[in-house]
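Single-structure report; data block below.
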Amino acid sequence: MLTYAKPVAAVTGALALAASLTACGGSSAASDEKVVTVYSADGLKGEKGDGWYDKVFADFEKETGIEVKYVEGGSGEMVQRALREKSNTQADVIVTLPPFIQQAGSKGLLQKYTPKGADQVDGADKAADGSWTSVVNNYFGFIHNKKELPEAPGTWEALLDKKFENRLQYSTPGVAGDGTAVLIKAMHDFGGQAPAMEYLKKLQANNVGPSSSTSKLAPKVDKGELLVANGDVQMNFAQAKSMPNLAIWFPAKEGGKPTTFALPYAAGLVDKAPHTENGKKLLDFMLSEGAQREVSAVGGGFPARKDVKPTDANALALAKLIEGVEIFEPDWADIDENLSSYVDAWKSATGS
């Protein structure tokens, strides 16, 4: 039986789960338990139990008898939680978007483990020291309500129009991986921190306000409460199965080309994990050929393994979606080192 816990209004639920995990976290018998606990960024679990995680975790449990306990939140939120629990570790596996997986590594939250099949993952999509490996490839993007706004706005500058006032929202940089991606893309597209912050200061006039979870924005866009929000290709493509008004787009700077960058779901084995061997088994399973072949068909994402080349309808649609979009590679070392100052600059610019 899969166990899911979402820290929405469920602070109490999350605390209850944490309390139940504490009972086994420090136990000498913990390593013998048939359980593995995953802390993950949102996006891979389906809204209706039909996501990649749902399928992979169910298959894993059936094959191994190991129960998956699942805790979900923003990328930064999951790293901060693991950091708070460092003296009494609860999680076995952590899955976050960059730059938070790098942050987890630099804060000593990860132990080195190279899952089976990691040799088929591109060097840019895994840590050189073996502390994390991408399990699902993905790209940053935006969404719009295609019923009320049939044509995507196209440019960053178009989002400053008064028609987007209180109908535009992006998740919080420093807390959500996709929210942090807004900063990264803006700094790239506008040519640096200062012009990006100047733009985001102007955009704040239309912004609804903070959101710790990017996945909560898509239902608002689908219903028309919002016209535009940030997201990522995998999550929004999967959500579009049950949210027919969602359409994915990639902003460009006026006069420039639309851009995006890889934003993979990267997984690592938590240092001093209570169920280390079970964590290793789950990482192996997520990177297995079988699980990777379902990344597009079930999860709406891109396989992390380069030797897995799906040809299902989703895979073809996803390839078409990013056709003609310029893909750049952020300097993750710089972002890991300077993330706090970038987030502080954003807070100062936007008054957040």
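The values are calculated or read from the model by the stated rules, or taken from the named source; none is laboratory data. All figures in this text were calculated on a predicted structure; none of them were measured in a lab. FYI the Cβ positions are ideal-geometry reconstructions off the backbone, even for glycines, and counts take in every protein chain you see. Areas reflect the complete protein model, heavy atoms only, side chains present, ligands, DNA and RNA absent. Shrake-Rupley method; radii C 1.70, N 1.55, O 1.52, S 1.80 Å.
Structure summary
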{"item": "Cα gyration tensor category, rounded, prolate or oblate, for region 139-207 with a/c compared to 1.5", "result": "prolate"}
{"item": "Vicinal HN-Hα couplings computed from phi for region 170-179 (Karplus, 6.51 cos²θ - 1.76 cosθ + 1.60; Hz; Gly/Pro x)", "result": "9, 6, 6, x, x, 10, 9, x, 5, x"}
{"item": "Surface accessible to a 1.4 Å probe, Glu337 within the full protein complex, Å²", "result": "150"}
{"item": "Residue among Val95, Ile143, Phe285 farthest towards the positive dipole end of the chain, charges placed on Cβ", "result": "Ile143"}
{"item": "Residue-by-residue Karplus 3J(HN,Hα) for region 56-67, coefficients 6.51, -1.76, 1.60, Hz, glycine and proline x", "result": "5, 5, 5, 5, 4, 5, 5, 6, 10, x, 8, 7"}
{"item": "Accessible surface, the chain, averaged per residue in Å² (probe 1.4 Å)", "result": "40"}
{"item": "Among Gly209, Asn230, Tyr199 the positive-end extreme of the charge dipole of region 182-232 (Cβ point charges)", "result": "Gly209"}
{"item": "The chain, helix-only ellipticity at 222 nm - DSSP H runs n ≥ 4, -39,500 (n - 2.57), divided by all residues, nearest 500", "result": "-11500 deg cm²/dmol"}
{"item": "Cross-link partners of Lys347 among aspartates and glutamates (Cα-Cα below 20 Å; sequence separation of 8 or more within a chain)", "result": "Glu77, Glu165, Asp178, Asp189, Glu198, Asp334, Asp336, Glu337"}
{"item": "Along principal axes, Cα extents of the chain, largest first, whole Å", "result": "60, 44, 37"}
{"item": "Across Lys34/Lys306; Lys48/Lys163; Lys280/Lys320; Lys202/Lys253, pairs whose alpha-carbon gap is larger than 23 Å", "result": "Lys34/Lys306; Lys48/Lys163; Lys280/Lys320"}
{"item": "Cα-based Kirkwood hydrodynamic radius, region 156-291, one decimal, Å", "result": "16.8"}
{"item": "Sulfur and carbon atoms: percent of accessible area, the chain [1.4 Å]", "result": "52"}
{"item": "Eligible aspartates and glutamates near Lys162 by straight Cα distance, threshold 16 Å, same-chain separation 8 or greater", "result": "Glu148, Glu225"}
